[in-house]
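The values are calculated or read from the model by the stated rules, or taken from the named source; none is laboratory data. The model shown is predicted, which means the values in this text are computed figures rather than measured ones. Neighbour counts are summed over all protein chains in view; Cβ atoms, including those assigned to glycine, are modelled from backbone coordinates with ideal geometry.
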Amino acid sequence: MKKVTRRPMYGLVLAAAVIGLLCSAPAQAWQGVQKWVYGAETSVSGSPIVAGNILLIGDNNGKLYALDKNSGKALWSFNTGASIKGRPAVIEKTVYFGGTNGTFFALDVNSGTERWRYSPKEANTPGGSWSSPAAGDGRVYFNSVDGKVYALSGSTGDLLWNYDTGRGLRSAPAYSDGLVFIGAYEGVFHALSAKTGHREWGGGSGGAIGSAAAVSDGVVYFGSWDGTLQAVLIKGVVPQWKFDAGESITTSAAAAGGRLFFGTINGKMIALDKASGNRIWEFAVPGGIHSTPAVHDGIVFFGSDGGNFYGLDAASGREVWKFESGREIMSDPVVVDGVLYFGGFDGKVYAFE
């Protein structure tokens, strides 16, 4: 049986005022009431994205669902035949996503009609796409477990370039201001030209980089399985700080209100000062965390491998809301127009407001 727990939320606005307002709206504006739930055919392994009034999310059997974001009504679905991980990308009226069989698709957002598909032609590929694609400058970028980063034309699906990291990739690319950021299993970090695929600069860590980088205010942040989160000023490639969490970092960082929020393999959600890298608070949950948090109305939202979905006060780390699904929640949530969306291994897509 599903269970929602709402903690008393008084004091959140006062805490935000004392420590520094984290978001423009007061935290109590979000009530945590279920708006709708949609039952997929199997576990929901993907993460949601909203395009207009349509929510898009993939499942473990390879089906991409398009749901009305207001009602949860199914609009269309597209079957790829291979598990869909990560969050699709959208450029105007086209949605882009890949499956673990290595094929990458472009569909019409409104109808689900296939525009094009791409499969690497090299021997011993496709290796499979296990993460979210990124979009920018009319191109779409995706990583493959064959170790390559692919850049395709968003309109035609033509291959524009690929870059071979030499090692399997399960992290997602991140696009910002003409650069594509890639973290690899051997612990090397790459900054590639989005136009040509040329490696502009790079760095490294002592362990695999399994999550997408985050970019905020001209600084790129990337975490590693060696437990470190690094901050590098993009202009001039100037290291800013390095934080050691003491255990593998298993999500991307979310930036909000001058802070960074991220999760670890043993179930810690950690908040850092974005400028200094100093720890502000941490909150421990049962099971690991593979759900990159979203921050809205002063609340940090994320799922856990232990089957719970949490809302924490971004200022203090205090639990203010919890939903118990009974199965792993590895979906990266998204909040649009005050509504929280995520999927779970219980085969459901949820909307709360």
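Going through the stretch 94-123 one residue at a time, which ones are assigned to a loop (DSSP other than H, G, I, E, B) and either among the basic types (Lys, Arg) or under 22 Å from the mean Cα position of the chain (by Cα) (or both)? Hits for the stretch 94-123 are GLY99, THR100, ASN101, GLY102, THR103, VAL109, LYS121. Exactly one residue among TYR118, TYR175 is surrounded by 17 or more Cβ atoms within 10 Å (Cβ to Cβ) and under 18 Å from ASN101 (Cα atoms), and that residue is TYR118. Residues of the stretch 320-342 that are over 16 Å from the mean Cα position of the chain (by Cα), surrounded by fewer than 23 Cβ atoms within 10 Å (Cβ to Cβ) and not in a loop (DSSP other than H, G, I, E, B): TRP321, LYS322, GLU324, VAL339. Criterion applied to SER205, SER153, SER176, SER216 was being of a type in the set (Ser, Thr, Tyr) and touching an Asp or Glu at 6+ places or on another chain (Cβ under 8 Å), and the one residue passing it is SER205. Considering VAL149, VAL145, the condition of being buried (at least 21 other Cβ atoms within 10 Å of the Cβ) and closer than 26 Å to SER83 by Cβ is satisfied by VAL149 alone. Return the total of residues in the stretch 154-196 being part of a loop (DSSP other than H, G, I, E, B), closer than 26 Å to GLU114 by Cβ and not hydroxyl-bearing (Ser, Thr, Tyr). Final tally of qualifying residues: 8.
Just one of the listed residues (PHE283, PHE345, PHE243) is within 19 Å of THR5 (Cα to Cα) and either touching a residue at least 12 places away in the same chain (Cβ under 8 Å) or not in a strand (DSSP E or B) (or both), and it is PHE283. Looking only at the stretch 193-224, residues that are surrounded by fewer than 20 Cβ atoms within 10 Å (Cβ to Cβ) and either touching a helix residue (DSSP H, G or I) at 6+ places or on another chain (Cβ under 8 Å) or modelled with pLDDT under 95 (or both) come to 5 in all. In this entry, TRP161 passes the filter for residues that are in contact (Cβ under 8 Å) with a residue 24 or more places away in the chain, within 18 Å of PRO120 (Cβ to Cβ), among the aromatic types (Phe, Trp, Tyr) and surrounded by fewer than 21 Cβ atoms within 10 Å (Cβ to Cβ). Among the residues of the stretch 310-352, the ones that are acidic (Asp, Glu), over 26 Å from LYS63 (Cα atoms) and touching a Phe, Trp or Tyr at 6+ places or on another chain (Cβ under 7 Å) come to 1 in all. A single member of ASN79, ASN143 is under 19 Å from SER193 (Cα atoms) and polar (S, T, N, Q), and it is ASN143. Taking the listed residues GLY317, GLY288, the one that is surrounded by fewer than 23 Cβ atoms within 10 Å (Cβ to Cβ), under 17 Å from the mean Cα position of the chain (by Cα) and either modelled with pLDDT of 95 or more or not β-branched (Val, Ile, Thr) (or both) is GLY288, with no other qualifying.
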